[in-house]
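A.B. asks: Here it is: the structure, laid out below.
Just so you know, all these numbers are worked out from the coordinates, no wet-lab data involved. Small disclaimer: the values here were computed from a predicted structure and weren't measured. Please note: Cβ atoms are built from the backbone with ideal geometry, for glycine as well, and neighbour counts cover all protein chains shown.
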């Protein structure tokens, strides 16, 4: 999660496969990005000082009852 040499992107690592990802600097918190290495969908949890915190996207199913 280091700042990129490109001023329009941030660098982050996939929490699953450790692939280095380039995240656009106009990305917002709660946005979904995909890992180019493993295809995992990741949610942007925070952006601070050029560091992007990613977390595996979890989709909670609705409980329709029985």
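A.B. asks: Above 16 Å lies some portion of the pair distances; for segment 9-56, what is it as a whole percent of all C-alpha pairs?
C.D. replies: On the way: 261 of 1128 pairs.
Above the 16 Å cut-off, segment 9-56 has 23 percent of its Cα pairs.
A.B. asks: Please arrange 52, 29 by counting, for each residue, the other beta carbons lying within 10 Å of its beta carbon, fewest first.
C.D. replies: Neighbour counts put them in this order, fewest first: 29, 52.
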